[in-house]
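> Starting off with a structure, shown below.
Since every read-out is calculated from the coordinates, none of them should be taken as a lab result. Quick caveat, the model's predicted, so the values are computed rather than measured. Please note: Cβ atoms are built from the backbone with ideal geometry, for glycine as well, and neighbour counts cover all protein chains shown.
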């Protein structure tokens with residue numbers, strides 16, 4: 001039997017969906033260079049984002065590409081442009097909307113689709129524009145509060161989280177700044193005097209963030225109301241300033257674009273913590289890339305991001321809370337159990353009191369109970385700022401700690417009714433304890449596996465090693481050497497029940513990833529394993545937790561190597577498979593029986609795989625030209641023909657059978673896969689080389705257009721004739 005590589009060309013007949021390119025480090029040859037370290041860190045973050053999107057898509061039960069326009073603000077689309085590119089909105093009959101300088105400086109614009117124009121089709125066209133990095137609907141968010149008509153004259157939660165002990169023992173060393181991205185803040189409130197900085201109003205595009213709803217003022221009071229002033233309430237932190245960013249309207253609704261603008265503005269002001277007491281569900285869509293992009297930029301700048309989990313008693317993922325590395329906060333009642341309204345699920349990190357929380361309010365707020373500028377509210381919206389306030393206290397005392405260390409201290413010190421349970425989907429790592437968090441000493445991680453290829457932990461084949469995911473955001477790298485082409489079995493086992501680990505086997509050339517195989521068996525406590533045929537060289541195993549969780553118990557990594565006898569290596573041949581998708585529009589209402597692909601008069605492929613007007617066919621062989629015809633047969637024996645243009649997704653540049661080498665060139669933008677495992681993103685005319693390919697390896701380049709909505713590929717005016 002011949003050694004063969006199966007190449008699947010996805011054929012481009014139409015333009016549609018979008019793709020985010022993966023960032024890889026370039027032009028550096030030493031792992032220990034500072035430039036490389038910064039590049040690889042950014043690349044690893046982008047890899048995690050893409051993994052997160054792929055797995056979320058696999059979890060969805062419905063069509064992930066349908067857009068519910070009723071949940072989109074004013075028929076708008078958020079567009080992120082590629083660096084240095086110019087976008088022509090008129091090309092798509094769209095108009096550019098107003099947006100802030102912080103939005104523009106991060107290469108974002110907003111466009112509006114006319115009422116009489118197909119929103120879905122316009123979105124897909126814009127997503128495929130060469131100037132566009134990604135585009136997505138400008139979805140609507142809402143505040144995460146629960147109305148309450150009972151007024152309590154005490155802040156019961158302060159003693160619950162041991163704030164009096166904090167005030168007695170700890171003195172804030174450094175002034176901190178917290179961005180409250182909300183409905184604004186009433187900066188004239190007597191209990192917030194001297195605590196509110198000049199902010200911004202992104203709703204009305206001015207510099208007056210006065211609260212028109214009351215929600216943002218309530219959040220700000222929980223965090224930073226003045227203490228020891230003989231009035232009102234006491235905030236969590238006495239030395240913090242609130243940066244008010246008005247992103248929500250008087251009814252408590254936000255758009256994705258204003259939330260993104262708000263995060264960018266907070267980054268530009270060098271805040272320490274961002275509080276997001278807002279959220280939304282997008283079960284029919286991928287997580288919003290614009291918000292993910294903004295949050296990752298905040299994380300890279302060392303900013304702690306805290307978000308409310310939501311109040312619908314559901315385990316459906318809420319965004320932005322469900323985006324790592326956001327600290328997702330659920331709510332507890334006075335008995336330290338989950339509040340009955342609080343959301344729960346795999347993404348929950350920590351809990352905080354969230355029922356009848358007394359705080360500041362605007363005097364004319366349309367709330368059930370307002371007295372002298374104060375009211376009680378319930379919801380994860382009021383739990384999140386408690387966590388944000390304690391995060392600011394930690395940052396004040398430990399200014400050198402990053403977001404992972406702040407989150408780790410909060411979670412290590414959290415109160416658990418049952419100490420034997422480290423994490424659960426209701427309270428995460430437990431109910432926050434301010435005094436314990438500020439008293440927390442972080443464990444020594446000097447013996448931990450390295451978080452970069454440059455300090456990876458050495459693995460010897462057939463000798464298992466153990467390691468722990470010690471803290472949020474922990475990346476563990478292992479390295480092993482292959483001397484001759486071998487079958488390599490890699491297994492990650494003994495995984496803690498609160499972890500969903502992801503393993504990547506990769507090889508670098510300089511600072512560029514030239515081989516990557518992802519092991520991701522979705523689910524808590526599940527092992528990851530793969531058997532791969534690897535060429536000689538140095539390989540790395542990168543292990544991390546999908547949800548940014550950590551565990552006390554170690555996992556095990558094993559690498560078994562079986563060299564392949566070179567005399568058994570067989571000749572390589574290329575088997576080309578073309579998958580073609582047609583969307584056929586007919587002038588009359590008929591039922592399609594079959595579709596044929598013709599080269600002149602010769603039928604070279606046919607299919608009866610037809611769903612509605614969409615036909616999928618497979619053609620074995622290379623296309624000698626680009627212009628072909630299709631013939632559509634109806635169930636009653638009539639047919640019609642139409643011309644089509646066929647463009648394979650990639651070309652073969654070079655093949656070396658002795659090395660198992662295959663060099664391909666992308667004809668379109670797309671995602672490159674090997675044996676169904678994602679390798680990297682490719683842009684048009686980019687080249688990529690595989691090495692060590694073996695029998696039955698399958699190489700695919702799936703164009704962006706093949707992933708989403710299928711737009712008309714061909715139109716047949718009339719069926720005629722008979723068979």
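> Taking the number of other C-beta atoms within 10 Å as the exposure measure, put 91, 491 in order starting with the fewest.
91, 491
> For 549, 489, 218, which order do you get if you count the other beta carbons within 10 Å of each Cβ and list the fewest first?
Arranged by neighbour count, lowest to highest, 549, 489, 218 become 489, 549, 218.
> Take the alpha-carbon positions of region 71-139, form their convex hull, and give its projected area averaged over all directions (one quarter of the hull surface) in nm².
Average of the hull's projected areas for region 71-139 equals 4.3 nm².
> From the P(r) of region 650-703, can you give the percent of Cα pairs sitting at distances over 17 Å?
30
> Report D for region 578-645 in µm² per second (integer): Stokes-Einstein, Kirkwood Rh on Cα pairs, 4 °C, 1.567 mPa s. Display every interim value, and only then the final one.
Details: Rh = 12.3 Å.
Taking Rh from Cα pairs, D becomes 106 µm²/s.
> Once all Cα-Cα distances of region 472-617 are split into 10 Å bins that start at 0, what whole-number percent is in each one?
For region 472-617, the binned pair fractions read 9, 26, 19, 16, 20, 9, 1 percent.
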